[in-house]
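Working notes, beginning with the structure itself.
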Amino acid sequence: MKCRVCRGAAVIDVRRHNAYFCGEHFVRHCHRQVERAISDHKMFTTDDRLLVAVSGGKDSLALWEILLKLGYEADGLFIGLGIDGYSTDSAGYVERFVEKVATPAGATLLRVDLQSDFGYDVEQAAASTGRAPCSACGLSKRHLFNTAALDGGYDAVATGHNLDDEAAVLFGNTLRWQTDFMRRQRPVLPEGNGFPRKVKPMIRLSERESAAYCVVSGIDYQVDECPMSAGNSHIRYKEMLNMLEESSPGAKAEFYNGFLRNLTPILDAETSAMSDDAQAPAIGPCGRCGSPTDNEVCSFCRLLQRVAQPASNVGDSISG
Ligand code: SF4
Ligand SMILES: [Zn+2]
Ligand SMILES: [Zn+2]
């Protein structure tokens, strides 16, 4: 097969675009898709300082590399989750990427470690709070990314969520008609109430394109799935969507882009009517750490309290 642009030997087909690309033009295709997501959704400009949430996986490393190649000022933040074996391996991939790509481009890696900085790991947090591991992990990551972005004066936190991730989350939200979750499922969540802006510049690239980008660009990444992800419903949704995509190329993109095009304006109108009625919960500073929360003490500080308590005292779960 031949590259759609130069007619040279193709290395990959992108069926939803009905196109084959050689290595060089595939890289350009990926850069173009990221640029288009940034501009279509007005995510940020070259004047903004970005903090990329890096896990050592393909999406976050590809995102960091692409942002640096496109001329954005982007530092990374890696959070050591203390997941046996997996977290140490992931840190190794990030460190090698930093040495090879980020440092030469003038970018810096920030690091936080749950165990050494806060005295717990994901498994302990899950056991102490009664949450599922991914829920305790997500709560910790959200808090630490927000805090690092605000402390470091970054304009936005960028995450590597790709088209497959977003389509799977939307599929789950649609199955249960969780409109409150859909309301927040956006490529951009604006800053406000003490929270930094959150952006997802990879939403126009599939998981397969993201992996192929890393291979073509010589980015070595953590291939193994997190051991805590076993049984995660989003993995099943991805498998179902992949079956659909196999028989109808472009179905995933149409599902997700159709949601952004057709449903989000309706949800936005509803949200603004709700805030007119002053129904949104009041946000104020956490009594312990000062982070924004709709409780007296934020979820992260309550999690810290729980992990410091003996296991027998664990009762109600933490939310909000
Ligand atoms: S799979 Fe769950 S526990 Fe593992 S990194 Fe993701 S959110 Fe955290
Ligand atoms: Zn080509
Ligand atoms: Zn707090």
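Bear in mind these aren't lab numbers, they're just calculated from the coordinates by the rules spelled out. Because the structure is a prediction, the values reported are computed rather than measured. Cβ: placed from backbone, ideal geometry, glycine included. Neighbour counts: every protein chain shown.
Sorted from longest to shortest, the spans of the Cα atoms of segment 188-234 along the three principal axes equal 39, 30, 17 Å. Computed extension length for residue 17-residue 288: 92.5 nm, one decimal, from 0.36 nm per residue of separation with the Cα-Cα distance subtracted. To the nearest ten degrees, helix 163-175 and the longest principal axis of the Cα atoms of the chain are 50 degrees apart. In this label model, residue 69 and residue 24 are separated by 1.3 nm, measuring between points 7 Å along each Cα→Cβ vector.
Here r is the Cβ-Cβ distance between residue 244 and residue 103 and R0 is 35 Å; the resulting FRET efficiency, rounded to 0.05, is 0.25.
For segment 231-246, putting each phi into the Karplus relation 6.51 cos²θ - 1.76 cosθ + 1.60 with θ = phi - 60° gives couplings of x, 4, 5, 5, 5, 5, 5, 5, 4, 5, 5, 5, 5, 5, 5, 4 Hz, in residue order, rounded to whole numbers and with x for Gly and Pro.
In angstrom, the C-alpha Rg and Dmax of segment 163-284 are 17.0, 53. One compactness figure for segment 74-186 is 1.21, namely its Cα radius of gyration divided by 2.2 N^0.38 Å.
Legend: P(r) of segment 122-173 from all alpha carbon pair distances, 10 Å bins from 0, whole percents, reading 22, 34, 38, 6. Taking only the C-alpha atoms of segment 28-117, Rg followed by Dmax gives 13.8, 41 Å. Each Lys and Arg adds +1 at its Cβ and each Asp and Glu adds -1 at its Cβ; summed about the Cα centre, the chain shows a dipole of about 760 debye. The angle separating the long axis of helix 23-40 from the principal Cα axis of greatest extent in the chain is about 50 degrees. Annotated for the chain: lysine pairs at least 8 residues apart or interchain, Cα distance under 14 Å, count 5. Take the Cα radius of gyration of the chain and divide it by 2.2 N^0.38 Å, N being the number of residues; the result is 1.03.
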